[in-house]
1. When you check A:L168 against the structure, is it touching a Gly at 6+ places or on another chain (Cβ under 6 Å), on the phi < 0 side of the Ramachandran plot and within 14 Å of chain B (Cβ to nearest Cβ), yes or no?
2. Would you point out the residue of the range B:63-99, among those that are over 22 Å from the mean Cα position of the chain (by Cα), away from chain A (no Cβ under 14 Å) and part of a helix (DSSP H, G or I), that is modelled with the lowest pLDDT?
3. From the list A:A287, A:A270, which one is touching a Phe, Trp or Tyr at 6+ places or on another chain (Cβ under 8 Å) and in contact (Cβ under 8 Å) with a residue 24 or more places away in the chain?
4. Among the residues of the range A:239-248, write down those that are assigned to a helix (DSSP H, G or I) and either buried (at least 21 other Cβ atoms within 10 Å of the Cβ) or among the charged types (D, E, K, R) (or both).
5. Looking at the range A:320-347, I want the residues that are in contact (Cβ under 8 Å) with a residue 24 or more places away in the chain and have a partner that is surrounded by fewer than 18 Cβ atoms within 10 Å (Cβ to Cβ) and in a helix (DSSP H, G or I) with Cβ atoms under 7 Å, at least 6 apart or on another chain. Which pairs are those?
6. Being modelled with pLDDT under 90, part of a helix (DSSP H, G or I), at negative phi and within 14 Å of chain A (Cβ to nearest Cβ): is that true of B:I139 here?
7. Could you tell me which of the residues A:L154, A:L138, A:L127 is within 8 Å of chain B (Cβ to nearest Cβ), part of a helix (DSSP H, G or I) and crowded, with 24+ Cβ neighbours inside 10 Å?
Amino acid sequence: MNAVALTTLGIEIGWGAALAIKTLVILLIIPAGALILGYVFLLKMMSHMQSRLGPMDPGGFHGWFQLIGDGLKFVQKEDLMPDGADRKVFAGAPAVVLISTFLVFLVIPMGPDLVVKDLDIGVFYALAVSSLSVIGILMAGWSSANKYALLGGLRAAGQLIAYELPLLLAVIGVVIQAGTMSLNGIVVAQQQQSIFGIDWIGNPYILTQFVGFLIFLIAAQAELTQTPFDMPVAESELVGGYHVEYTGFRFLFFFMGEYGTAFAFSAIAATLFLGGYALPWVDGDLANWIGPLVLFAKLMLVAFLMFWARFTFPRLREDQLQAFAWKFLIPLGLANLLVTALFKVAF
Amino acid sequence: MWEQQVAFWIIAVAMAGAAIGVVRANNVVHAALFLIVVFAGSAAQYILLLAEFVAWVQVLIYIGAIIVLFLFGVMLTRAPMREERGKLDNSQRLAAAVVALFLFGVLAVFLVDAFAGTELRFRDSMVEVGSAASVGESIFRQFVIPFEVVSMLLLAALVGAVALARRD
C-alpha cells in the first residue's frame, strides 16, 4: 500500500520490503483502530450519553489520560490461568481472534492502489476469515474450565452462526449491483454507476441498497456481540462470558480483537455502502493521498451509528435474539436479494 | 516450479501430522481443533493449485461453519475437560485400518492411473480458471442439473432432520 506513496516520492522498494511495510501497517492499524474507537466512542460518547463523569477526570483535560492508564493497568496485571484450564488452548484462543481480525484488513482498500492485496473475491474472503473468530471464542469458553465462560462461548457461537447468514445476504445484494466481489471493484462501481440516469454523485449503495445497509449494520452488531446483542458477554448474568478468566495481556488481546473487528466491519460497511475511499470528482494520484482520510471519515460515521445503538438499546433475550435473526432478518435479506436481482435483470 | 513442490510438501506433512492428531487425540475438542489444521491445509493446497475461490469456500464452510458446529455440539453435550483415555476407543480398530488401507489403495491407483506423467505448467492465464466467475459459470451453466439434484438432496436431508428432531 505504501509502495505507491513512496514511488511518487521517488523511492523504489523491493517486493520483500513492500511486504514487510504492508504487514507492519496492518499490525499497527488494529491497535490504533481499537484505541480510536475505544477513546472516541466508548469513553467520550458513552460518557456524554450516559452522564458518566469518571472518564472525564484522569489527566485533566477531558480525561485524555484514561486509556493510557487503562493500558498501563493491563500490562501490570498478573497473568492468571485457571487451575483446570487446558493450557495450550487457553493461550491460543486470543491469538486466533486477533489473527482473524488481522486477516480481514488485508483486502480493505484505502485508495485506488492502497490495498495489501486486491483479491478478486475480496468481500467473500473478508467474511470467510472474520468467521474464524468464532473458533477463538469457543476455544476460550471451553478451555477456561468455567461454567460461565462455557455458556458465554456457546451463546456467542449460536449467535454468530445465526447472524452470519443475514450478513452474507446483505453483502450479496451489493455484489449483484456492482457485478464484482473485489472491494476495489465495488468502490469503482459506486463511482461510475448512476441511479436511473442520474450520475451526479455516482451510486453510493446506501441509496439503492438501504435495506441491505440496515441488515448489514444489525448483523455486524450481532457479530461483534455488542448491545443489544451482548447475551454472550452479559455482565449481569455471565460476569463477562467467554473472557471471564482472562486477565492482563491476554484480555487486552480480546479487547483489541473486539474493537479492531468493529473497526474492520465499519470499514467494510463504508466501502460497500458509502463509496469507500472515493469522493465524487476525485481520482488519480489525489485519491491515493486523501483516500485513507476519506475512508476513515466514512468509517467513523458507520461506527458512530453502531455505537449509538450499543449505548442506547437494552439487551435482547436469547430467544428474541434468535427469532429476530431467523424469522425476520433472513427472510428480509432474501426478499432484498430477490428485488435486487429483479432490478438488475430489468434495467 | 520447485517452490510449489516445497510448499506442497510442507503443507502435506503438516496436514498428515494433524490428521494423525485427530484420530489419536484423547479429547474430542482437541480432535476437532486438529481437524481445523487439516482443513486449513487443504485450503492452502487449493491456493497452490490456483483454485482461489474454492480455497476460501473451504475456509468459510468447513472451518467457519462445520467445525464450529462440531465444537458447538461437543460443548453443548459433554464438554470434556480431561483426557478420556480409553473412552474414545472401540473394538473396531482392525476393521477401520483395513477400510482405511483399502481406500488409500483405491485412491492411489486411480490418481496414478489418471495423472501419472502429467505435469501442470502454471501460466498467468490459468488464474481465470479458479476465479469465482468461472466456477459459477460452470456450476450454473454446464452442471446445473447435478447442482439442482444436490440441492434437492440437501433439502430432503434438512426436512428429515427437522422431522426427526420434532417432539410433538
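The values are calculated or read from the model by the stated rules, or taken from the named source; none is laboratory data. Just so it is clear, the structure is predicted and the values come from calculations on it, not from any experiment. All Cβ positions, even for glycine, are placed from backbone atoms using ideal geometry, and neighbour counts span all protein chains on display.
1. Numbers: touching a Gly at 6+ places or on another chain (Cβ under 6 Å): no; on the phi < 0 side of the Ramachandran plot: yes; within 14 Å of chain B (Cβ to nearest Cβ): yes.
In short, no.
2. B:R93
3. Numbers: A:A270 fails: touching a Phe, Trp or Tyr at 6+ places or on another chain (Cβ under 8 Å).
So the residue among A:A287, A:A270 that is touching a Phe, Trp or Tyr at 6+ places or on another chain (Cβ under 8 Å) and in contact (Cβ under 8 Å) with a residue 24 or more places away in the chain is A:A287.
4. Let us first name the residues in the range A:239-248 that are assigned to a helix (DSSP H, G or I), namely A:241-243, A:248.
Answer for the range A:239-248, where residues must be assigned to a helix (DSSP H, G or I) and either buried (at least 21 other Cβ atoms within 10 Å of the Cβ) or among the charged types (D, E, K, R) (or both): A:G241, A:Y242, A:H243.
5. Listed pairs, sorted by first residue: A:I330/A:L165; A:L332/A:V211; A:N336/A:V211; A:T340/A:I176; A:A341/A:I176; A:K344/A:I176.
6. Numbers: modelled with pLDDT under 90: yes; part of a helix (DSSP H, G or I): yes; at negative phi: yes; within 14 Å of chain A (Cβ to nearest Cβ): no.
Here the answer is no, as B:I139 does not meet what is asked.
7. On the way: A:L154 fails: crowded, with 24+ Cβ neighbours inside 10 Å; A:L127 fails: crowded, with 24+ Cβ neighbours inside 10 Å.
None of the other options fit; the residue is A:L138.
Conditions tested, residue by residue: (1) at pLDDT 85 or above; (2) among the aromatic types (F, W, Y).
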{"residue": "A:F251", "(1), (2)": "no, yes"}
{"residue": "A:A267", "(1), (2)": "yes, no"}
{"residue": "A:A270", "(1), (2)": "yes, no"}
{"residue": "A:L274", "(1), (2)": "yes, no"}
{"residue": "A:V282", "(1), (2)": "no, no"}
{"residue": "A:A297", "(1), (2)": "yes, no"}
{"residue": "A:L316", "(1), (2)": "no, no"}
